[in-house]
Each structure stands twice: as structure tokens, then as C-alpha cells.
1. Just wondering, is there one or more residues in region 239-252 that are within 30 Å of Ala24 (Cα to Cα), among the aromatic types (Phe, Trp, Tyr) and in a helix (DSSP H, G or I)?
2. Quick one: how many residues across region 142-172 are crowded, with 17+ Cβ neighbours inside 10 Å and more than 16 Å from Ala202 (Cα to Cα)?
3. If you go through region 93-103, how many residues are farther than 17 Å from Asn51 by Cα, among the charged types (D, E, K, R) and surrounded by 13 or more Cβ atoms within 10 Å (Cβ to Cβ)?
4. Lys212 versus (1) closer than 30 Å to Arg104 by Cα; (2) charged (D, E, K, R); (3) in a strand (DSSP E or B): which is the lone unmet condition?
5. Given the options Ile139, Ile78, Ile126, Ile109, name the one that is hydrophobic (A, V, I, L, M, F, W, C) and assigned to a loop (DSSP other than H, G, I, E, B).
6. Just one of Arg123, Arg100 is farther than 23 Å from Met235 by Cα, away from the ligand (no atom under 16 Å from the Cβ) and in contact (Cβ under 8 Å) with a residue 12 or more places away in the chain; which is it?
7. How many residues are over 22 Å from the mean Cα position of the chain (by Cα) and not charged (D, E, K, R) when one looks only at region 108-139?
8. Residues being crowded, with 22+ Cβ neighbours inside 10 Å and within 13 Å of the ligand (Cβ to nearest atom): count how many of those fall in region 224-239.
Amino acid sequence: MTTSHDRTAGIPMRLFNTLTREVADFGSANPPEVGMYSCGPTVYADQHIGNMRAYVFADTLKRALDWKGFRVRHVINITDVGHLTSDADEGDDKLEVAARREHRNAWEIAEQYTRDFKADLMRLRIIEPDVWCKATDHIGEMIRFAEVLDASGWCYRLPSGLYFDTSKDRDYGKLARLDLAGQQAGARVEVAAGKRSASDFAVWRTSAPGEKRQMEWDSPWGRGAPGWHLECSVMSIEYLGPHFDIHTGGVDHIPVHHTNEIAQSEAYLADGLPWVRWWLHGEFINLRGAKISKSTGGGILVTDLIDRGYHPLAYRYLLLQAHYRSQTEFSWDAMDSARAGLRRLVDRFAAARSTPAERLGGAAAEHLAAFDRAVSDDLNTPRAVAAAVAASRDDRLTDGELTALAREFDAVLAIGLADLSPADLDLKRSDVAISDEEVRTLLAERNAARAARDFARSDQIRDQLASVGVTVEDQPGGVSTWRWT
Ligand SMILES: [Zn+2]
């Protein structure tokens, strides 16, 4: 299908870069390829719907770039060791704490919460990254990275581990525009014994004498575990090369985690170039008004939305109605409005769906151009949604044009315009997480992977389906069947 609107040659993609605090035309180092790394979850507990905003944001950004003609290679990490109960070097490892709380093995905990997280991504139609990487699979690489830092004089040793000396980095804090002098003077930060300044951070944490941890490894600095920031530097460089295009995360990562990733990566690379050119950060959604989950007593989970009869895409629609750099509020009233709004939209596109896509005429092309302008303007999803709403209400458009537009809009928004019917938005079965259609799409992808002998990918898709209650059985002759379990 062709449209009269050429999105690849037209409007440049403009994005806000936290590093420069400016909106500018996005370009990649090696177009059309884009390397993008997103900080993933610490898998010690369920990810609530507030946590999921960061991944809906990264997914929408990736979809938008692909739609604009780029080809994004996306990497998300799984933090299964190293993240302490405070973002600074204080407290215990979150996984070890969870293991004690749940009287379970830290490895099992990581596995379970990773599975749950991936199931939620699928429910929200977040495309799986090209690479999943977890910290505990990269301990050797992290030690080698830390050895380079240590050997080139960036670090000092304490009984509690190896620390990065931030005073040696003239650019330290450039992302967050930290006022270090002010920070030191007014320091009320707890400082680990012997740390030269509050901003110094652990690259390696050595276990205390006599302490036995579930997750620890031998290193030149004693038995222990990597500092939290190290994994993101090491794995992003491993899978995307020393310099890549985009790094995303929540705004809470700016002052400590991303600041420290930059410091150690630029010290390690030592080539005088900025490590990553584009830093994009998503804002919070405030759950204050309605924060208690039925199942956990903590933050609301995607499965809580489903239990209350909301389709997960109604939540995605709610998120897209706010710009990613604006804080927004969650409430059950807002969920009801989002569901009603999405239902009206889906209603019109579903009614048109039996008519095959047609080439866009002038009025339809103008709606697509408005959508493109919104997406290209620092990922302005509220305006992009408004463009879809305007198209759905324009009675000059034919059903064939609406079918064509639904595919274009959904490539970026992923809210079911191309396949949901209004009835799908009221869940009857509390365990419906994905549609049969989505299962078939994933199975087709898995069959292709099997045909290409990419068994890792094929197993990954089988596990992903298992996590949402779909069992796949491979029959002789390369045929696969599936059923709900
Ligand atoms: Zn990270």
C-alpha cells in the first residue's frame, strides 16, 4: 500500500535531549540504524503501572523512529544484582532483601519477576527488545571493565569495595547539571566509610568479612558484587558498540544512575567523545490517588487493571494522552475516561475494517500529515491521538482510507486501532491477557525463527507465551499447536 504522504523524506524527527536541554533534529551516527538502550527493571518485586510508563515511552519512541524510516536496535537490561535499597551506595542489595522477605532463593526471585515483567510488556503491546541482557550473565565483562578503570587511576580501594573518584572527572554531573560544590557543602547524604566525596560511587562492592551473600563472585577486589551502574555501561557497550545513539530511562535516573554511567563509560573509553549523544527521560505518573494493589498491597499492577475489567491498552491510551515529559495523574476516573475514549475511537475504525485499505485522498492525507507533525514534534502523543480522533470523526473519509490510516496510527500508538473491536475493551475473563490474534502473530514469528534455526528466539517466544498462559506444542513436521492453559 502506498500513501500520498511521504513520512521518510518529510518532517525531521525532533527530540528533547536531556544532555543539552534542547529540542533538536534527531540524527543517528549510522542511518538508518539507531542503537537504543533502555534501563530495565530491578527484578525484586512486581513492576507497578507507574514503572511501566518508562517502557511504554521507550516503546513509543522506538515505534515512532521505525515509522519515520529508522531501524532501531533496542536493548533492555534486567537488573538482577547490584541495585541497593537506596540509589546511592547505602543499604543492601534489593534481591537479597527480597530473598529474605519471601524466604526464597534470590535467583528464583529474579526469574519470577522477570517473567512477570515480560508478560506485562506483552499486555501493553510493547515490542520485545532485540536484546535482553541481565547483569548476572555479564559479571566477567563487568570485572574487566572495572579493571580498566582501576588500572587507569580512576578508582580507589576501600575495605567495602572499589570506588570511582568523581573528583578526577571534570565533566562529572554534566547530565544532571549538578552543583557539586553546593552539594558537598550542604551534604546530608550518608557517606560510606572512607568515601572521599558523597558523589563517589561503588564500581565493585566487596562483601564484609564473614558475610555470605546468595549472589557474589570473586574479583581482584575480593568476593562481592558489581555496583549497580556498572552493568548498564558494560552491557550497552557490548551490544550497541562504544558509542550509540539513544539512552532512555525515567527522570529519577538523571542525578545518580545515568550520571555515574556517563562518568565511568567516558573514563573507560577515554576517547574524548561524548559516550551517548541523546539522553531521553520519561516523567512519572502519579499513583497517589489510587495506589493500592489488591494482589500485593503495593502499587497497582497491570493484572489489577485486568481484574477490574480494563483492557491493558486502555492504560496505554491513558499514558499516551500525556506528553512523556509531563507528569500525569492516575485515577480510576481517568481509567474510565481513557477506556471510553479508546472505545469511541476503536468503534469507528472497527466498523471500517472489513473494507481493504485504499490510497489516501486529500482529506485523509492531511490527517496523516497532522499525525506525522505531532509524532515528529518531540513525540507529542496527545496531539497524535487527537489526529487519530479527528480522522475518525471526519465523514469525508472512506472506510478504505480509515483502514489504511488505522495501520499507520497503530504502528506508533499500538492501541488496537487496527485489530480491536469495542467489545474487546470490556474484559469478561479476568485472565485474558492477549488476543488469539496476537498469539497467532507471535507463533508465526516463532515458526520463522525455527525455520532459520534461531532456537534462542524460538524458545524466548515460547516462554513469553507460557508466561501469559499459552502452551505451545511442537508437532512432528515443524507444525506447532497452541492452547490456553
Ligand atoms: Zn541503567
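1. Filtering region 239-252 down to residues within 30 Å of Ala24 (Cα to Cα) leaves 239-252.
Those still in the list that are among the aromatic types (Phe, Trp, Tyr) too: 239, 244.
Now narrow it down to the ones that are in a helix (DSSP H, G or I): 239.
Scanning region 239-252, I find at least one residue that is within 30 Å of Ala24 (Cα to Cα), among the aromatic types (Phe, Trp, Tyr) and in a helix (DSSP H, G or I), so the answer is yes.
2. 0
3. Going through region 93-103, the residues farther than 17 Å from Asn51 by Cα turn out to be 93, 95-103.
Narrowing the set further to residues that are among the charged types (D, E, K, R) leaves 93, 96, 100-102.
Remaining after also requiring surrounded by 13 or more Cβ atoms within 10 Å (Cβ to Cβ): 93, 96, 102.
Residues meeting the conditions: 3.
4. Exception for Lys212: condition (3).
5. Numbers: Ile139 fails: assigned to a loop (DSSP other than H, G, I, E, B); Ile78 fails: assigned to a loop (DSSP other than H, G, I, E, B); Ile109 fails: assigned to a loop (DSSP other than H, G, I, E, B).
Of the residues listed, the single one that is hydrophobic (A, V, I, L, M, F, W, C) and assigned to a loop (DSSP other than H, G, I, E, B) is Ile126.
6. On the way: Arg100 fails: in contact (Cβ under 8 Å) with a residue 12 or more places away in the chain.
Only one candidate qualifies: Arg123.
7. Going residue by residue through region 108-139, those that are over 22 Å from the mean Cα position of the chain (by Cα) are 108, 139.
Filter once more, keeping what is not charged (D, E, K, R): 139.
So the count comes out to 1.
8. So the first thing to find is which residues in region 224-239 are crowded, with 22+ Cβ neighbours inside 10 Å, and the list is 224-236.
The next check asks that each one be within 13 Å of the ligand (Cβ to nearest atom); those that pass are 226-236.
Residues meeting the conditions: 11.
The values are calculated or read from the model by the stated rules, or taken from the named source; none is laboratory data. Fair warning: this is a prediction, and the values are worked out from it, not measured in the lab. Heads up, the Cβs are rebuilt from the backbone with ideal geometry, glycines too, and the neighbour counts pull from every protein chain shown.
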